[in-house]
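Chemist: Provided herewith is a single structure, encoded as structure tokens, for subsequent inquiry.
The values are calculated or read from the model by the stated rules, or taken from the named source; none is laboratory data. This one's a predicted model, so the numbers in the text were calculated from it and none came from an experiment. Cβ sites come from the backbone with ideal geometry, for glycine too, and all protein chains shown count toward neighbours.
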Amino acid sequence: MLEKGTLYVCGTPIGNLGDITLRVLDTLREVDLIAAEDTRHSRKLMQHFQITTPLTSYHEHNERKKSSELVERLKAGQAVALISDAGLPGISDPGSEVIRLCIEENIPVDVLPGPNAALTALILSGMPAEHFTFYGFLPTAAGARKRILEDLATRQETLILYEAPHRLLSTLQGLCEVFGSREAAVVRELTKVHQQVHKNSLIKLREEFEETPPRGECCLVIAPFIPEKLVGGPQDWIVEVNAGVQRGLSKKDAMKEVAKRYGVKKSDVYQALIEE
């Protein structure tokens, strides 16, 4: 039984239409309106399941304006469903703006769980799944992308990225430059007939896709950074902190980096600098 004046955030299939939940189907049939990222794409889903609820567009170019309109409908007592082209709205897809407005206006929001590309790719990859960082799509500008990758390179948990097929090679090249030959997986065409998991070093993956250009949306799952515990004492720490500062790091970040590399506490590095 739906609650009037409630926003229902619904997960939709990322490939295989059979992955939609019964609860989402019931909700899409019963709400007054469905806000969809691409009404043309979503209309195929509605036709497949014989859903006749009216659709309205809600995408990145009209998100701010349409969010206000949806909030007014919700205040008037309508029940509204929010869907993206695939997966859960708000994760690398429009949705966060209207959810934020609803919370500010004390409008009830309910999330109906469903398929998610990042988690599906993580499990398929066989990478450590206890701790992970999901970043989504990297910036398109080379400089901004490199800065983000340098920040992510020393994260000690599995990293998950989204990428379009036409940008996969350039992203793999950037990863090779910053991450080196770390183990990774490119997971393509999730839940579809041609689903594939390509697992190898980043360098080997780049070579593979240079020979065979990728098709379909991709998830990249990259192994965690494992810090190399170097052997050395306070004098070595001081030298490397100073080198880090010369590279442009703040003294705090340089101390943090050195402590991680040598497997010691940052306070020990700080004490060595004071004594020096």
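Chemist: Please identify the pairs in which a residue from region 142-165 that is free of Cβ contacts under 8 Å to residues at least 40 places away in the same chain and under 17 Å from Ser181 (Cα atoms) has its Cβ atom under 7 Å from the Cβ atom of a residue that is outside any loop (DSSP other than H, G, I, E, B) and aliphatic (A, V, I, L, M), counting only partners at least 6 apart or on another chain.
Modeler: Listed by first residue and then by second, the contacts come to Lys146/Val178; Leu149/Leu175; Leu149/Val178; Glu150/Val178; Leu152/Leu159.
Chemist: Within region 180-194, which residues are of a type in the set (A, V, I, L, M, F, W, C) and at pLDDT 95 or above?
Modeler: Ala184, Ala185, Val186, Val187, Leu190
Chemist: Of everything in region 135-176, what is more than 20 Å from Leu190 (Cβ to Cβ) and among the charged types (D, E, K, R)? Give them in sequence order.
Modeler: Scanning region 135-176 gives Arg145, Lys146, Arg147, Glu150, Asp151, Arg155, Glu157.
Chemist: Moving to a separate point now. Does Ile34 qualify as being at pLDDT 95 or above and assigned to a strand (DSSP E or B)?
Modeler: yes
Chemist: Tell me, please, whether a residue that is of a type in the set (Ser, Thr, Tyr), under 27 Å from Tyr135 (Cβ atoms) and surrounded by fewer than 18 Cβ atoms within 10 Å (Cβ to Cβ) can be found in region 40-49. First the steps, then the outcome.
Modeler: Step one: filter region 40-49 for residues of a type in the set (Ser, Thr, Tyr), giving 42.
Checking which are under 27 Å from Tyr135 (Cβ atoms) leaves us with 42.
Adding the requirement that they be surrounded by fewer than 18 Cβ atoms within 10 Å (Cβ to Cβ) leaves none.
So far as region 40-49 goes, no, none of its residues is of a type in the set (Ser, Thr, Tyr), under 27 Å from Tyr135 (Cβ atoms) and surrounded by fewer than 18 Cβ atoms within 10 Å (Cβ to Cβ).
Chemist: For Gly90, which of the numbered conditions (1) farther than 14 Å from Gly11 by Cα; (2) touching a strand residue (DSSP E or B) at 6+ places or on another chain (Cβ under 8 Å); (3) among the small types (Gly, Ala, Ser) fails to hold?
Modeler: (1)
Chemist: Specify which of the listed residues (Glu240, Glu210, Glu217) is surrounded by 13 or more Cβ atoms within 10 Å (Cβ to Cβ), in contact (Cβ under 8 Å) with a residue 12 or more places away in the chain and more than 30 Å from Asp268 (Cα to Cα).
Modeler: From the options Glu240, Glu210, Glu217, the qualifying one is Glu217.
Chemist: Taking the conditions exactly as written (without any contact (Cβ under 8 Å) to a residue 12 or more places away in the chain and closer than 15 Å to Gly216 by Cβ), does Val187 satisfy them or not?
Modeler: Numbers: without any contact (Cβ under 8 Å) to a residue 12 or more places away in the chain: no; closer than 15 Å to Gly216 by Cβ: yes.
In short, no.
Chemist: Restricted to region 189-205, and to residues that are out of contact with any Ser or Thr (no Cβ under 9 Å at 6 or more places or on another chain) and surrounded by fewer than 21 Cβ atoms within 10 Å (Cβ to Cβ), which residue is farthest from Ala117 (Cα to Cα)? Don't jump to the end; show me each part of the working.
Modeler: If we filter region 189-205 for residues that are out of contact with any Ser or Thr (no Cβ under 9 Å at 6 or more places or on another chain), which is where we start, we get 189, 192-196, 198, 200, 205.
Remaining after also requiring surrounded by fewer than 21 Cβ atoms within 10 Å (Cβ to Cβ): 189, 192-196, 198, 200.
Values: Glu189: 10, Lys192: 12, Val193: 15, His194: 15, Gln195: 12, Gln196: 13, His198: 16, Asn200: 20 Å.
Filtering first and then ranking leaves Asn200.
Chemist: Looking only at region 201-218, count how many residues are of a type in the set (Phe, Trp, Tyr) and closer than 15 Å to Ser125 by Cβ.
Modeler: 0
Here is a yes/no grid of residues against (1) assigned by TED's automatic domain parsing to the domain that holds Gly180; (2) of a type in the set (Asp, Glu); (3) not in a loop (DSSP other than H, G, I, E, B):
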site: Leu190; (1), (2), (3): yes, no, no
site: Lys199; (1), (2), (3): yes, no, yes
site: Leu205; (1), (2), (3): yes, no, yes
site: Arg215; (1), (2), (3): yes, no, no
site: Glu228; (1), (2), (3): no, yes, no
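Chemist: The conditions are (1) surrounded by fewer than 17 Cβ atoms within 10 Å (Cβ to Cβ); (2) within 22 Å of Asp151 (Cα to Cα), and Pro224 fails exactly one of them. Which is it?
Modeler: (1)
Chemist: Here is a follow-up. Please give the number of the condition Leu122 fails out of (1) touching a residue at least 40 places away in the same chain (Cβ under 8 Å); (2) under 30 Å from Val71 (Cα atoms); (3) among the hydrophobic types (A, V, I, L, M, F, W, C).
Modeler: (2)
Chemist: Let me spell it out: the conditions are (1) in the same structural domain as Val269 (by TED's automatic domain parsing); (2) surrounded by 15 or more Cβ atoms within 10 Å (Cβ to Cβ), and Ser250 meets all of them except one. Which number is the exception?
Modeler: Just one mismatch for Ser250, condition (2).
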